[in-house]
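First the structure, in the form of structure tokens, and then the observations on it.
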Amino acid sequence: MKNKIYPLKFEPIYQYRIWGGRKLEHLLSKPLPKDDPIGEAWILSDRKDHASEVSEGELKGTTITKLMEDYRYEIMGKMGDHFERFPLLLKFLDCNEVLSVQVHPSDDQKEYIPKGDTGKTEAWIVMETSDNSRIYAGLKKGTTKENLLDSIHNKSVSDHLHSFVPKKGDAVFIHSGTVHTLSGAVVFEVQENSDTTFRLYDWDRTDIKTGKPRELQVDKAMACIDFDQVDIGPITPVKSEIIKNAEKLFDNEHFKLWRIKSESEFQAGLKDEPTILICIEGKGSMNYMDTEYTIDKGEVMLLPAIIGQLELKPQEKITLLQIAIPEKK
């Protein structure tokens, strides 16, 4: 007999990164591995090498991969026919130092994507900034393949990158094909379920663990760059007409995302479709089948389609990110 499905929380998966730091321990309750710079916490991941595990309840220890095998239609509802794997990957990033200058392929660039994988469109929401915070998003107008290649050789790549100083709460959309990097910030990231990244430039540094520079993929990166993606800044939030006390930050073919700030009870989730909730400030609780489910700062919760909407009661004030998956056309 199958376990019954319920609101699902997951254990974060910490990732060593050369550019990481230690700030994620203030955001998440799970202790960081000792000493290493931790750049990423994967909070919902259906990847073969890093599959998220349920943290509470009867299904504790079960991976999202196994859940998608056993409960795909309960989780995905009417989208169950379209997705064998969970289609999004969610992370917190601690960009203590600058990331490599990089680009991701689009879904239709199949020759650059591992079999069974997708391209990678992503978006960031800035959680914390510091004195050296900077987001590089898109090229400067007039950048060509030729002068960008020249800049790699003469170490002046940043001269061709559009950049700005972010502030807390900024939301930035990074379409596949966009050259990008960031530094000095903690961000939440939502992206397609892909781990395909091509490094264009890595600031001539060495990895402290290997003593060697990290590998670049200049030819593949160049092939995937959309030179029309220029001068990208923070998006302008739009007040939601369907969710109380919410603003819509992103709405594209891969994900929709709302930011909800509320001191009073509200309906979380959407009818007949899966919804992901990420608490970024405060805490709250929901009742489902006579059981109380809490969500605290730094936690992610998946509401399966079969559950639909639940009343969320904040303890004082809560700030919640709510993510939906658009139907495939």
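The values are calculated or read from the model by the stated rules, or taken from the named source; none is laboratory data. Since we're looking at a predicted model, the values are computed, not measured. Cβ: placed from backbone, ideal geometry, glycine included. Neighbour counts: every protein chain shown.
Annotation note: of 189, 215, 241, 253, the sole residue that is closer than 26 Å to residue 312 by Cα and in a loop (DSSP other than H, G, I, E, B) is 241. For region 75-105, the set of residues classified as part of a loop (DSSP other than H, G, I, E, B) and on the phi > 0 side of the Ramachandran plot is empty. Of the residues making up region 76-107, those that are among the acidic types (Asp, Glu) and within 21 Å of residue 48 (Cα to Cα) number 3. Where strands (runs of 3 or more DSSP E) fall wholly inside region 277-329, the ranges with 1 or more residues that are on the phi > 0 side of the Ramachandran plot are 310-324.
Taken as a whole, the condition of being surrounded by fewer than 16 Cβ atoms within 10 Å (Cβ to Cβ), of a type outside the set (Ser, Thr, Tyr) and out of contact with any helix residue (DSSP H, G or I) (no Cβ under 9 Å at 6 or more places or on another chain) applies to residue 70. Residues that are modelled with pLDDT of 95 or more, over 26 Å from residue 270 (Cβ atoms) and surrounded by fewer than 21 Cβ atoms within 10 Å (Cβ to Cβ) do occur in region 54-66, at least one of them. For residue 207, the requirement of being closer than 25 Å to residue 156 by Cα, in the same structural domain as residue 117 (by TED's automatic domain parsing), modelled with pLDDT under 95 and acidic (Asp, Glu) is met.
The residues on offer are 220, 256, and the sole one that is outside the structural domain of residue 117 (by TED's automatic domain parsing), touching a Phe, Trp or Tyr at 6+ places or on another chain (Cβ under 9 Å) and touching a residue at least 60 places away in the same chain (Cβ under 8 Å) is 256.
Determine, yes or no, whether residue 119 is in contact with an Asp or Glu (Cβ under 7 Å, 6 or more places away or on another chain) and either buried (at least 21 other Cβ atoms within 10 Å of the Cβ) or in the same structural domain as residue 281 (by TED's automatic domain parsing) (or both). Yes: the conditions hold for residue 119.
The requirement of being in the same structural domain as residue 216 (by TED's automatic domain parsing), assigned to a strand (DSSP E or B) and either surrounded by fewer than 21 Cβ atoms within 10 Å (Cβ to Cβ) or of a type in the set (Lys, Arg) (or both) is fulfilled nowhere in region 26-33; no residue meets it. Every listed requirement among (1) of a type in the set (D, E, K, R); (2) free of Cβ contacts under 8 Å to residues at least 60 places away in the same chain; (3) part of a loop (DSSP other than H, G, I, E, B) is met by residue 247 save one, (3).
Whenever a residue of region 190-203 is in the same structural domain as residue 97 (by TED's automatic domain parsing), its partners that are modelled with pLDDT of 95 or more and among the aromatic types (Phe, Trp, Tyr), lying with C-beta atoms within less than 6 angstrom and at least six residues away or across chains, give the pairs 190/255.
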